[in-house]
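Chemist: Mind having a look at this structure? Questions to follow.
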Amino acid sequence: MIIVITGAGSGLGRELAKVYAEGNDLILIGRSLEKLEETKREIEGAKSINCISCDITNPQSVENLKEKIKHIHNFVDILINNAGVGIFGPIEDMEYKDIDTVIDTNVKGTIYVTKVLMPMIKEKIMNIISTAGLRGKVNESVYCASKFAIRGFSESLLKELEGRIKVVAVYMGGMDTPFWNNTDHVKDKSRFKSPREVALKIKELDDGRCEIVI
Ligand SMILES: NC(=O)c1ccc[n+]([C@@H]2O[C@H](COP(=O)([O-])OP(=O)(O)OC[C@H]3O[C@@H](n4cnc5c(N)ncnc54)[C@H](OP(=O)(O)O)[C@@H]3O)[C@@H](O)[C@H]2O)c1
């Protein structure tokens with residue numbers, strides 16, 4: 001299978017790449033090629049691994065991504081929309097640029113990549129959301145808004161693509177990843193799951209259902 005994973009240079013994306021590697025052709029997407037190459041070095045058992053730099057918030061970069069993928073493969077079996085960012089705080093303190101970054105990455109980035117690759121996708125779209133797409137949380141209003149948006153996007157695609165392409169929405173709680181590096185929003189990460197554990201659980205539950213809640 002040919003699997004495209006966004007945000008594969010760290011955290012959950014990196015672990016998903018490792019967990020879904022066996023016998024498959026992987027295309028790893030992120031802005032930093034260095035991080036993607038590091039992921040590539042950690043992967044075992046893949047048929048092939050290609051790393052492509054793309055800023056998913058930039059339409060031209062996403063169009064270029066499609067062309068680069070077309071040079072490698074004629075189609076894609078699975079798209080995993082995993083890339084995402086979190087910026088937290090009381091709404092009155094959120095800066096415009098931070099609101100834009102969260103919405104542009106989590107909402108528009110996911111939509112752009114899906115729209116552009118849609119004609120090439122054969123089997124499945126998996127959207128990594130969060131429990132922040134199920135419930136509102138204190139000081140996470142913008143992040144939750146972005147994840148609720150992708151929940152709506154996923155549910156709509158599920159209906160729009162019924163009988164043609166599977167759509168699976170994944171909702172998980174906190175994971176100990178670089179996602180939290182630039183924030184003190186969470187003080188104690190000791191109860192967070194490891195991204196490896198979550199990636200393994202996703203693979204285990206990825207059996208045709210349209211929703212995975214971890
Ligand atoms: N960590 C948690 O507690 C948690 C919980 C629930 C859900 N999630 C969700 O899980 C997903 C993965 O997060 P994570 O925890 O693994 O965080 P992470 O380690 O920070 O990974 C996010 C990845 O997204 C990529 N990315 C960010 N902006 C991008 C852009 N404009 N274009 C392309 N790639 C971009 C980053 O790579 P580059 O910087 O190289 O672009 C990075 O590798 C996110 O959607 C997040 O919202 C996380």
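The values are calculated or read from the model by the stated rules, or taken from the named source; none is laboratory data. Just so we're clear, the structure is a prediction, and the values are computed from it rather than from any experiment. Note that each Cβ is placed from the backbone with ideal geometry, even for glycine, and that neighbours are counted across all protein chains shown. The protein model used for the area step is the full one, side chains on, heavy atoms only, and it has no ligands, DNA or RNA in it. Shrake-Rupley method; radii C 1.70, N 1.55, O 1.52, S 1.80 Å.
Chemist: Filter the stretch 105-138 down to the residues that are surrounded by fewer than 18 Cβ atoms within 10 Å (Cβ to Cβ) and charged (D, E, K, R) and list them by number. Walk me through how you get there before you give the answer.
Modeler: Residues of the stretch 105-138 that are surrounded by fewer than 18 Cβ atoms within 10 Å (Cβ to Cβ), as a first pass: 111, 115, 118-120, 122-123, 131, 134-138.
Listed by number, the residues that qualify are Lys115, Lys122, Glu123, Arg135, Lys137.
Chemist: For the list (1) under 19 Å from Ala8 (Cβ atoms); (2) touching a strand residue (DSSP E or B) at 6+ places or on another chain (Cβ under 8 Å), I need the number of the one condition that Leu158 fails.
Modeler: (1)
Chemist: For the stretch 104-142, what are the residues that are closer than 22 Å to Leu200 by Cβ and within 13 Å of the ligand (Cβ to nearest atom)? I'd like the intermediate steps shown before the answer.
Modeler: Here is the first cut: in the stretch 104-142, the ones closer than 22 Å to Leu200 by Cβ are 123-134.
Within the stretch 104-142, Met126, Asn127, Ile128, Ile129, Ser130, Thr131, Ala132, Gly133, Leu134 meet the criteria.
Chemist: Sticking with this structure for a sec: For the stretch 16-40, which residues satisfy the criterion of being within 8 Å of the ligand (Cβ to nearest atom) and either within 17 Å of Lys66 (Cβ to Cβ) or surrounded by 22 or more Cβ atoms within 10 Å (Cβ to Cβ) (or both)?
Modeler: Ile29, Gly30, Arg31, Leu36, listed by residue number.
Chemist: Taking only the stretch 1-15 into account, find how many residues are near the ligand (Cβ under 10 Å from one of its atoms) and more than 16 Å from Leu200 (Cα to Cα).
Modeler: 3
Chemist: Between residues in the stretch 124-143 that are aliphatic (A, V, I, L, M) and residues that are at pLDDT below 95, which pairs lie under 8 Å by C-beta distance while being six or more apart or on different chains?
Modeler: Taking only residues 6 or more apart or on different chains, not a single pair turns up.
Chemist: Hey, could you check the stretch 55-80 for residues that are in contact (Cβ under 8 Å) with a residue 12 or more places away in the chain, assigned to a helix (DSSP H, G or I) and away from the ligand (no atom under 11 Å from the Cβ) and say which is surrounded by the most Cβ atoms within 10 Å (Cβ to Cβ)?
Modeler: This residue is Ile69.
Chemist: Looking only at the stretch 169-191, how many residues end up being near the ligand (Cβ under 8 Å from one of its atoms) and either open to solvent by 50 Å² or more (accessible area, probe 1.4 Å) or polar (S, T, N, Q) (or both)?
Modeler: Residues in the stretch 169-191 being near the ligand (Cβ under 8 Å from one of its atoms) and either open to solvent by 50 Å² or more (accessible area, probe 1.4 Å) or polar (S, T, N, Q) (or both): 5 in total.
Chemist: If the requirement is being free of Cβ contacts under 8 Å to residues at least 40 places away in the same chain and among the hydrophobic types (A, V, I, L, M, F, W, C), which of these qualifies: Leu161, Leu117? It would help to see each step written out before you state the result.
Modeler: Numbers: Leu117 fails: free of Cβ contacts under 8 Å to residues at least 40 places away in the same chain.
Testing whether each residue is free of Cβ contacts under 8 Å to residues at least 40 places away in the same chain and among the hydrophobic types (A, V, I, L, M, F, W, C) leaves just Leu161.
Chemist: Moving on to the next point. Just to be sure, is Ala83 of a type outside the set (Lys, Arg), in a loop (DSSP other than H, G, I, E, B) and within 15 Å of Thr110 (Cα to Cα)?
Modeler: Details: of a type outside the set (Lys, Arg): yes; in a loop (DSSP other than H, G, I, E, B): yes; within 15 Å of Thr110 (Cα to Cα): yes.
Yes, satisfied.
Chemist: Just to check your reading of the model, which residue among Asn127, Asn182 is closer than 21 Å to Glu15 by Cβ and at pLDDT below 95? Please lay out each step first, then the result.
Modeler: Details: Asn127 fails: at pLDDT below 95.
Within the list Asn127, Asn182, the selection yields Asn182.
Chemist: So which residues in the stretch 201-214 are more than 11 Å from the ligand (Cβ to nearest atom), open to solvent by 40 Å² or more (accessible area, probe 1.4 Å) and touching a helix residue (DSSP H, G or I) at 6+ places or on another chain (Cβ under 6 Å), if there are any at all?
Modeler: Hits for the stretch 201-214 are Lys203, Cys210.
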